[in-house]
Amino acid sequence: MWIDTHCHLDAPEFEPDRAAERARARALGVQRCVLPAVQRRDWAGVQQLAQEHGDAYALGIHPLYVPQAQLGDLDALDQALSDCRGDPRLVAVGEIGLDFFVPALCTPEMRARQWHFYSVQLQLARRHGLPVILHVRRSGDLLLKGLRQTVVSGGIAHAFNGSLQQAQAFTALGFALGFGGAMTFERATALRALASDLPLSALVLETDAPDIPPQWLYRTAQERGDGQAQGRNSPAELPRIAQVLAQLRGLDLPALAQATRDNAYRVLPRLQDLACATIAGAR
Ligand SMILES: [Zn+2]
């Protein structure tokens, strides 16, 4: 049984076959997906999808959506988190964070605006007693600074691709690190070294579907130039991604499944509550 701790099942890429793709993942052992929202407009949608498919969700404003977000969306998030307090499927605030890879987000104004949305959302997570799901892209140290200013109850640094020192700093603050498609590339030697050397207790699995296709789905720039579409990642790829991690660590699949599930439950405690409720028949 696998948990995909980061899956954008609400993305338009899944419009044609969303339910079938989720069912295919379930048939392959992906019992639960965590669906993080990226903007206010999508909050109701991830909640509804989680309900429909027996999954979990997070509410937040993603750094790539900060340019078009309104300041009032932060008040709306506060309200939405209050409204959903009794919903066992709400497991975190996310996806939030900082992105200093996209040039348009690196102007002084955009850096300040990203920081504002990030720090206010950390305060909301704290106030509502929820962990956070972090988007980390060339921003690890500043994200850590925010976490030291506003202490939250941990969470996940998703698609982690930083240094060993940053990995240790996140885990010391109660975070697990999300590993997915990027780790499947043989040339990703630094990331693979982290995946194999970090304590097993630091790792959770994710796809970030439909993004970050694993090596077997990835189309190169040349292939795309020749008219092939970039491969669409799916929660159904999680077991094969897990196989790569199992090989890197010399673990068998059941042991990896159990360890990564336990880790997900530790950093997203409401996910475990949801599992217990499901076993009790509440689905
Ligand atoms: Zn994401």
* Structure fact -> Under a 1.4 Å probe, counting only protein heavy atoms, D141 has an accessible area in Å², nearest 10, of 100
* Structure fact -> Heavy-atom accessible area with a 1.4 angstrom probe orders L77, L251, most exposed first, as L251, L77
* Asked: Leaving out ligands, DNA and RNA but keeping every protein chain, what accessible area does E15 have, in Å² rounded to the nearest 10, with a 1.4 Å probe?
  -> 120
* **Estimated FRET transfer efficiency when R0 is 45 angstrom, pair Q243-D87 (beta carbons, to 0.05)** => 0.85
* At T278 and F101, where each label point lies 7 Å from the Cα along Cα→Cβ, what is the point-to-point distance in nanometres? -> 2.9
* Value in Å of the Kirkwood radius, where region 115-273 supplies the Cα pairs that are averaged -> 16.5
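Can you tell me the dipole magnitude for the chain around its Cα centre, using point charges on the Cβ only (Lys, Arg +1; Asp, Glu -1), in Debye to the nearest 20?
In debye, rounded to 20, the chain gives about 500.
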* Please state the equivalent ellipsoid semi-axes for region 30-138: what are the square roots of 5 times the Cα gyration tensor eigenvalues, largest first, in whole Å? -> 24, 15, 12
* Multiply the residue separation of D17 and D75 by 0.36 nm, subtract the distance between their alpha-carbon atoms, and state the gained length in nm to one decimal. => 17.5 nm
* Asked: Over what distance in Å are the Cα centres of region 41-88 and region 110-179 separated?
  -> 18
* Structure fact -> Using a 1.4 Å probe on heavy atoms of the protein chains only, the accessible area for C276 in Å², nearest 10, reads 80
* Structure fact -> Restricting to Cα pairs under 8 Å and 6 or more apart, the percent relative contact order of the chain works out to 20
* **Helical contribution to [θ] at 222 nm, DSSP H n ≥ 4, -39,500 (n - 2.57), averaged over the chain, rounded to 500** => -13500 deg cm²/dmol
* To do: Work out, step by step, the length gained on full extension between S153 and Y218: first 0.36 nm times the residue separation, then minus their alpha carbon distance; give nm to one decimal.
  => 19.9 nm
* By residue number, which cysteines of the chain lack any other Cys whose Cβ falls under 4.7 Å from their Cβ? -> C84, C106, C276
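Would you mind computing the Rg to Rh ratio of the chain from its alpha-carbon coordinates, Kirkwood style for Rh? Kindly include the intermediate steps, with their values, before the conclusion.
On the way: Rg = 17.7 Å, Rh = 18.8 Å.
Rg divided by Rh gives 0.94.
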* State, as an integer percentage, the relative contact order of region 163-283 based on alpha-carbon contacts under 8 Å between residues 6 or more apart. => 26
* Asked: For the residue pair Q168 and L200, what label-to-label distance in nm results when each label sits 7 Å from Cα along the Cα-to-beta-carbon direction?
  -> 2.2
* Positive end of the charge dipole of the chain (Lys, Arg +1 and Asp, Glu -1 on Cβ, about the Cα centre): tell me which of Q68, L130, G45 has its Cα farthest that way. => L130
* So for V151, V204, V136, what's the accessible-area order with a 1.4 Å probe, most first? -> V151, V136, V204
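Stokes-Einstein at 4 °C, 1.567 mPa s, Kirkwood radius from Cα pairs: D for region 207-275 in µm² s⁻¹? Don't jump to the answer; show the numbers that get you there.
On the way: Rh = 14.0 Å.
Rounded to a whole number, D works out at 93 µm²/s.
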* Return one whole number: the accessible area per residue of the chain in Å², for a 1.4 Å probe. => 43
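Counting only C-alpha contacts under 8 Å and six or more residues apart, can you give the relative contact order of region 47-110 as a whole percent?
RCO, region 47-110: 46 percent.
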* Asked: Considering only protein heavy atoms and a 1.4 Å probe, what is the carbon-and-sulfur percentage of the accessible area of the chain?
  -> 51
* Asked: Which order do M183, M110, M1 take by accessible area at a 1.4 Å probe, largest first?
  -> M1, M110, M183
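The values are calculated or read from the model by the stated rules, or taken from the named source; none is laboratory data. Note that the coordinates shown come from a computational prediction; the quantities given were computed from them, not determined experimentally. For neighbour counting, all protein chains shown are included, and Cβ atoms are generated from backbone atoms with ideal geometry for every residue, glycine included. These area figures cover heavy atoms from the full protein model, side chains too; ligands, DNA and RNA do not enter into them. Shrake-Rupley method; radii C 1.70, N 1.55, O 1.52, S 1.80 Å.
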